[in-house]
Amino acid sequence: MTQWVEQARHVCSLGSLQTALAIERTVPILHAGPGCGQKLWGAVGLNNGTQGAGYLGGHTVPSTNVGEREVIFGGEEKLRTTIANALKIIDADLYVVLTGCTADLVGDDVGEVVRSFQQAGKPVVFAETGGFKGTNYWGHELVIDALIDQHLAEAVPQVEERLVNIWSVVPYQDPFWVGNLREINKLVAELGLIPNNVFGRGGGIQALNRVPHAQFNLLVSPWVGLKNVRHLQDRFGTEFLHYPVLPIGPTETGRFLREVGAFAGVDSDRVEAVIRRHEDDYYSFIEGSAEVLLETRLLPSRFVTVADSFYALGISRFLVNDLGMIPETQSEGIAASVRFTADGGWAQQEIRRTKFRGRPLLIGSSWEKTLAAEVKGYHLSVSMPASDRLVMNRSYVGYDGALSLVEDIYSLVLAEFQ
Amino acid sequence: MPINLRNSEAAVRENRLGAITGYNGSIRELAGKASGCSLQGKERCFNQASSCSSGCAQGYLSGIRDVSIVNHAPVGCSADSIAGNVQRKWGETIRGWERTNISLFSTNMNESDTVFGSTEKLQDAIKEAYRRNEPKAIFVTTSCVSGVIGEDILSAVERVQEELPVPVIPVFCEGFKSKVWSSGFDAAFHAILTRVVKPPQRKTNKVNMINFRGSAREEIVQILARFDLEPVFLVPFSTIEELEKLSESAASISICGTLGSYIGNGLEEKFGVPYIKSLQPHGIAGMEEWLRELAKVVGKEAEAEAYIAEQRALVLPELGEIRSKLSGYKAVVGMGPSFAFNYIRVLRELGVEVIWGTAWHFDQQYDHGACPESVTFLSQEDDLPISVSDQQSFELLNLLNRLKPDLYVSRHGGTSVWTTKMGIASVMVADEYSAFGYQGLLQFGYRLIDALTNRSLAKTLSKRMKLPYTDWWLQQDSFAMLEQEEVAPL
């Protein structure tokens with residue numbers, strides 16, 4: 001039995017409609033209730049770094065809007081007409097049919113409907129993402145596997161040396177996904193490798209079609225996506241490197257670059273030169289702001305993260321290993337207690353019970369803002385829902401991302417008493 | 001079909017009010033057929049994601065300050081609690097209150113729950129919601145999954161009610177049951193009417209002000225004070241104690257005819273609280289009819305006329321200037337039905353020529369049995385082209401591409417972005433009190449002038465943006481996907 005959830009910080013598997021939207025000129029087609037899309041993009045999109053509809057998202061997304069008729073009589077015909085008309089009306093390269101709870105409960109044979117379009121050579125794939133089956137992290141993996149199995153069904157790998165597929169944060173669920181993926185791409189490219197990213201601008205169907213030809217898959221993630229890189233290994237024989245921590249700051253990013261370099265067979269002098277150049281730059285900024293880091297009145301004492309494992313782990317390692325801060329609790333060590341839960345209300349109760357010395361720094365979502373006021377802490381939203389932030393191309397990954405994080409934290413502290 | 005407060009759930013709008021979501025015609029035809037409730041809605045053979053009743057029901061109820069919501073559903077159905085929490089903070093901020101989080105639990109139904117049922121988990125979640133937050137009432141909202149698998153919500157709630165000192169109230173708002181998301185407001189009001197509102201102990205000088213976020217509170221307090229009345233704002237930001245006493249008020253009025261129909265008429269039928277059935281108070285005609293109807297009910301006609309004369313003298317000269325600046329501009333309106341038909345009138349008061357109106361649905365009648373007053377009013381003016389669509393943007397963008405108005409006035413998030421990409425100046429009415437009464441009308445006029453004066457965002461964006469529709473579609477008739485055969489409601 002799953003636990004109840006107070007204060008949602010993720011959504012259901014159909015939330016992976018945003019994974020489809022993160023691929024340029026790709027449109028999800030929902031075989032789901034009328035409100036599913038709007039609720040989901042409202043949570044992981046609009047109210048999470050204010051990520052809007054973009055080219056094909058929001059109310060543009062085709063949907064069968066399953067009603068009483070389809071629940072009683074089945075919705076396969078409505079789905080068939082919706083797909084046929086979407087192909088004519090919506091200007092996209094790829095159409096990803098995703099089911100909601102009602103279609104999966106009623107037992108519509110969506111695979112049969114979609115295969116009839118595939119047999120006619122139409123770029124349509126499907127995944128059964130009924131919301132009761134799992135989270136949007138799980139749904140994200142399901143959609144990627146569907147693309148591998150259906151869109152790349154005929155692909156024969158012809159390995160391009162140095163080509164690396166990048167898999168990492170879940171688009172939209174991570175409000176900083178665009179910036180974070182760009183930063184990982186940039187770091188990988190500096191090693192002399194060729195990053196291939198399906199998600200974000202410049203990716204799309206061309207990047208997807210290149211996936212089978214990579215020298216290896218790079219997964220930068222605690223666990224999300226592991227299923228996909230294993231699947232790619234089975235399907236195309238592509239090796240993968242699983243790096244489980246989002247690299248934030250010089251310590252972790254140096255480790256990351258060395259590990260990727262070693263795996264890819266990049267000359268270690270080259271790797272060290274990249275690291276040195278970045279560290280020189282990074283530390284000159286830290287040196288230049290050392291006064292504020294050390295001497296500002298009312299510095300945060302301890303920190304708490306309430307975030308998914310990407311950020312809980314990545315940010316904690318940075319604050320501990322590079323900035324010299326002490327963790328109080330992480331929903332992820334200096335040995336700190338790590339609690340795992342999907343129930344944000346429970347996490348907040350635990351934090352309320354903590355006796356803080358001085359003013360803590362709460363890194364989490366906008367749900368923590370009122371809690372921060374209660375415990376007289378500083379609060380920064382980094383994880384879903386980051387409804388109190390406008391995010392465009394900001395990144396917290398790598399060297400520059402760490403500097404942005406330092407800027408954001410200490411600007412909060414400075415702004416608060418002025 | 002009248003309101004039936006003996007049932008455990010409210011009938012959906014399709015069945016109760018003859019609501020439709022597919023139509024293309026004109027205001028006179030709409031009004032003519034609506035009065036006989038003879039309009040048949042049309043289906044589309046292509047649809048885009050719209051919205052559902054559960055979003056409206058739990059979004060609205062979670063705005064009550066001292067309640068918890070338990071959503072018996074997979075976790076995605078409570079995703080709207082995040083938007084709900086943003087709305088909560090906004091409302092608290094404009095009131096100068098301490099900011100709080102809404103309290104909403106999901107039972108997080110999974111696959112085995114869909115096979116074996118999970119009413120025990122629902123009961124545990126209800127108890128946990130009470131233990132954590134000690135709310136004054138707990139609303140249990142249903143979902144497509146709980147509906148399709150046939151969870152016995154009523155029995156589960158009855159059992160847990162025995163253990164808790166506060167009302168535990170089921171709200172039936174399964175998304176698949178209605179194409180009209182406003183059915184969710186009725187579900188919420190049904191729960192309030194049947195389980196929260198108590199019989200009156202006395203009569204007060206309060207007026208139930210049915211609204212959303214209540215930004216114009218101070219202004220309404222001042223206006224009603226002229227009639228020795230005091231507003232009580234519902235439902236967001238109210239308390240259970242305030243809602244319990246709705247039956248004691250002297251009258252109910254609503255900022256939105258779509259929103260107010262069920263609770264307004266329900267309070268009138270059950271407790272004799274008169275519901276003011278008038279135009280909505282946007283612009284001059286709306287405000288004046290609203291005030292006069294209210295005054296009639298409370299016996300303050302002379303005060304109303306005095307107020308109207310005073311306000312007219314204050315605003316009419318300035319309104320003339322605004323009208324001269326806005327005359328010659330053509331606008332299209334796309335909003336929920338009450339706002340759409342009220343704002344068409346408002347735009348005309350401001351001198352703007354409205355060339356098309358689209359409503360997100362259409363109720364052929366309200367719960368008091370009459371065609372919406374705003375539609376009757378417009379049908380006596382020009383015969384304006386009207387379409388009805390549940391936010392089907394492919395249809396609307398095709399239409400706008402053909403009509404090429406100077407201005408698009410919309411309501412609901414996301415809708416103004418479409419037209420901005422087309423280079424059309426767009427104004428989104430997020431606040432239900434935009435264009436409220438006399439001063440609101442002037443302010444709204446200035447907002448339109450500003451939007452038309454500097455269109456640089458729309459102009460620069462439209463040069464670089466491509467619409468998400470094929471050229472083929474943009475050349476088709478806007479209503480090509482509206483099926484010709486008429487579909488009777490189930």
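The values are calculated or read from the model by the stated rules, or taken from the named source; none is laboratory data. Keep in mind it's a predicted model, so treat the numbers as computed, not measured. Glycine gets a Cβ as well: all are built from the backbone with ideal geometry, and neighbour counts include every protein chain shown.
Within the stretch B:157-168, residues that are farther than 15 Å from B:Ile69 by Cβ have Cβ atoms under 8 Å from residues that are in a loop (DSSP other than H, G, I, E, B) and not charged (D, E, K, R) in these pairs: B:Gln161/B:Pro167, counting only partners at least 6 apart in sequence or on another chain. The strands (runs of 3 or more DSSP E) located wholly in the stretch B:182-294 that include 1 or more residues which are among the polar types (S, T, N, Q) occupy B:206-210, B:251-254.
Every test in (1) surrounded by fewer than 24 Cβ atoms within 10 Å (Cβ to Cβ); (2) in contact with a Pro (Cβ under 7 Å, 6 or more places away or on another chain); (3) hydrophobic (A, V, I, L, M, F, W, C) is passed by A:Val96 save one, and that test is (1).
Close contacts from the stretch B:1-21, counting a first residue that is within 20 Å of B:Arg195 (Cβ to Cβ) and a second that is of a type in the set (Gly, Ala, Ser), with Cβ to Cβ under 7 Å and a gap of 6+ residues or different chains, come to B:Ile3/B:Gly266; B:Leu5/B:Gly266; B:Glu9/B:Ala187; B:Ala10/B:Ala187; B:Val12/B:Ser178; B:Val12/B:Ser183.
As a summary of the residue check, B:Ile138 satisfies the conditions (1) within 12 Å of another protein chain (Cβ to nearest Cβ); (2) in contact with a helix residue (DSSP H, G or I) (Cβ under 7 Å, 6 or more places away or on another chain); (3) closer than 20 Å to B:Glu158 by Cα; (4) of a type outside the set (Asp, Glu) except for the one numbered (1).
Looking at the stretch A:27-56, which of the residues that are in contact with a Pro (Cβ under 6 Å, 6 or more places away or on another chain), crowded, with 24+ Cβ neighbours inside 10 Å and not small (Gly, Ala, Ser) is farthest from A:Asp388 (Cα to Cα)? Checking each candidate, the answer is A:Ile29. Do we find a residue being modelled with pLDDT of 95 or more, more than 8 Å from chain B (Cβ to nearest Cβ) and in a loop (DSSP other than H, G, I, E, B) anywhere in the stretch A:10-17? No, the stretch A:10-17 has no match at all.
Yes/no matrix, rows are residues, columns are (1) under 22 Å from A:Met384 (Cβ atoms); (2) within 9 Å of chain A (Cβ to nearest Cβ):
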position	(1), (2)
B:Ala83	yes, yes
B:Val86	yes, yes
B:Gly96	no, no
B:Thr100	yes, yes
B:Glu111	no, yes
B:Asp124	no, yes
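The listed residues are A:Val266, A:Val304, A:Val292, and the only one of them that is part of a helix (DSSP H, G or I), at negative phi, surrounded by 12 or more Cβ atoms within 10 Å (Cβ to Cβ) and at pLDDT 85 or above turns out to be A:Val292. Looking at B:Arg131, is it surrounded by fewer than 23 Cβ atoms within 10 Å (Cβ to Cβ), within 14 Å of chain A (Cβ to nearest Cβ) and in a helix (DSSP H, G or I)? So B:Arg131 passes the test. Scanning the stretch B:144-165 for residues that are away from every other protein chain (no Cβ under 13 Å) and not in a loop (DSSP other than H, G, I, E, B) turns up B:Ile153, B:Leu154, B:Ser155, B:Ala156, B:Val157, B:Glu158, B:Arg159, B:Val160, B:Gln161. Considered as a group, the residues in the stretch A:18-38 that are more than 24 Å from B:Lys179 (Cα to Cα) and of a type in the set (S, T, N, Q) include one that is nearest to the other protein chains (Cβ to nearest Cβ), and that residue is A:Thr26. For the stretch B:429-482, the candidate set comprises residues that are surrounded by fewer than 13 Cβ atoms within 10 Å (Cβ to Cβ) and acidic (Asp, Glu); within that set, the residue that is nearest to B:Leu259 (Cα to Cα) is B:Asp450.
The residue that is nearest to the other protein chains (Cβ to nearest Cβ), counting only those in the stretch A:136-160 that are crowded, with 24+ Cβ neighbours inside 10 Å and under 24 Å from A:Val106 (Cβ atoms), is A:Asn136. Of the residues contained in the stretch A:133-145, none is found to be over 21 Å from B:Gly76 (Cα atoms) and of a type in the set (A, V, I, L, M, F, W, C).
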